[in-house]
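The structure appears below as structure tokens.
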Amino acid sequence: MQQHNGSLFLRLLLNRYNKDKPETLANIMPKDEHDTLQAVDIASSEPQLMLFLPQTWLASIDGSWLVPAVEKMSKPLQEVYKKAFPKLFGDKEAKSSYSQTVQDFLITYLHGLWKEEEVTPKVLLPMWELSPLLQLSRQELLDIVDLLAMHDLVEDMRQIVDKKLLQTVLQHLTAEQQHYLRQLLRQKSRQKPTSLSIRELLKEGKKFPQMLHKLGLQRLAFAMSGATSDFCWHILHTVDLPRAKFLQNHIKQEEVPNQTPQALGQVQHIIHFLKTETAP
């Protein structure tokens with residue numbers, strides 16, 4: 001991956017400073033290196049996009065991925081990080097005790113301990129159907145997951161005539177989920193009935209929303225199956241570690257026939273819904 005990023009950085013430099021005479025490069029580079037460089041297909045000419053920016057890097061990764069690295073440090077240093085980045089350790093109200101300069105130093109040190117390979121920055125990834133997900137926060141991604149689960153409910157809901165049961169289901173849903181579900185119910189059925197039993201799920205009581213959330217995660221995993229490893233890396237690191245592990249276990253290297261195209265369409269539909277609709 002470091003070799004790939006090196007080629008990517010060189011391509012960005014050449015796009016900016018050597019775009020008029022590309023043939024000169026073939027004369028001075030070893031053929032294998034030149035072939036590798038030619039395989040990097042990117043139009044951008046902004047090499048600064050590859051630079052490490054401490055605050056940007058920290059904001060791009062959910063804190064649950066970084067806490068284990070901090071916990072391996074000495075106790076005094078752990079306390080420094082807790083005071084510098086209280087939100088990382090669950091204190092959403094507290095403010096940092098250190099200046100941004102000190103924070104940047106601490107982030108850079110933490111990045112140096114980072115054991116995962118570097119990946120292509122979001123802005124340089126090729127565009128495809130799910131590219132809008134790269135711009136979303138953790139909570140926005142989880143909102144999409146919760147709405148995806150409505151596609152598991154809708155076919156069973158069409159068969160229910162018991163108003164009391166319908167009301168019980170709705171009580172477990174957020175206003176946004178209810179609004180999206182009603183929109184799906186107004187549409188003509190486009191999918192096969194699932195084996196989901198709402199009555200069985202409701203027996204779990206308070207776990208009902210959690211089980212729906214897991215169904216939504218499965219649909220997101222179907223949508224991401226066949227995606228590039230760099231794209232998946234960014235999405236997985238935007239959500240918390242437990243959800244990322246669940247997704248990782250369900251994302252396939254290749255598209256899942258029927259499931260992936262359907263899930264892709266559902267994610268796109270939800271993105272459009274969130275842009276254009278508001279819950280009543």
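Ranking Leu247, Pro257, Leu181 by how far each Cα lies toward the positive end of the dipole of the stretch 131-276 (charges on Cβ) leaves Leu181 at the top. Taking a ≥ b ≥ c as the square roots of the eigenvalues of the Cα gyration tensor, the stretch 131-276 is prolate, since a/c reaches 1.5 or more and a/b is larger than b/c.
By the beta-carbon count within 10 Å of each Cβ, the least crowded to most crowded order of Thr238, Thr260, Thr174, fewest first, is Thr174, Thr260, Thr238. FRET efficiency for the Leu202 to Thr101 pair, using the beta carbon distance and R₀ = 41 Å, is estimated at 0.15. Footprinting exposure proxy ranking of Met127, Met211, fewest other C-beta atoms within 10 angstrom first, gives Met127, Met211.
Rounded to the nearest Hz, the phi-derived 3J(HN,Hα) couplings of the stretch 103-111 under the Karplus curve 6.51 cos²θ - 1.76 cosθ + 1.60 (θ = phi - 60°) are 4, 4, 4, 5, 5, 5, 5, 5, 4, where x marks glycine and proline. Shown in residue order for the stretch 234-247 are the 3J(HN,Hα) couplings computed by the Karplus curve 6.51 cos²θ - 1.76 cosθ + 1.60 at θ = phi - 60°: 5, 5, 4, 7, 7, 8, 6, 4, x, 5, 4, 5, 4, 4 Hz (x for Gly and Pro).
The residues packed around Lys87, meaning those with a beta-carbon under 14 Å from its beta-carbon, carry a net charge of +1 if Lys and Arg are +1 and Asp and Glu are -1.
Between the listed residues Ile235, Ser131, Ile144, the Cα displaced farthest toward the positive end of the dipole of the stretch 131-276, a dipole computed from Cβ unit charges relative to the Cα centre, is found at Ile144. For the stretch 131-276, the dipole from Cβ point charges (+1 on Lys and Arg, -1 on Asp and Glu) about the Cα centre works out to 480 debye, to the nearest 20. Between Trp114 and Gln171, residue separation times 0.36 nm minus the direct Cα-Cα distance comes to 16.2 nm.
In loop segments of the stretch 82-160 as defined by DSSP, the GluC sites (Glu not before Pro) with at most 16 further C-beta atoms inside 10 Å of their C-beta are Glu93, Glu116, Glu117, Glu118, Glu129. Classify the stretch 54-113 as rounded, prolate or oblate from the Cα gyration tensor: take a ≥ b ≥ c as the square roots of its eigenvalues, call it rounded if a/c is under 1.5, otherwise prolate when a/b beats b/c and oblate if not. Taking the square roots of the gyration eigenvalues as a ≥ b ≥ c, the stretch 54-113 is rounded.
No lab work stands behind these numbers, since they all come straight from the coordinates. Quantities reported herein were computed from a predicted structural model and do not represent experimental measurements. Reconstructed Cβ throughout: ideal geometry from the backbone, glycine too, with neighbour counts over all protein chains shown.
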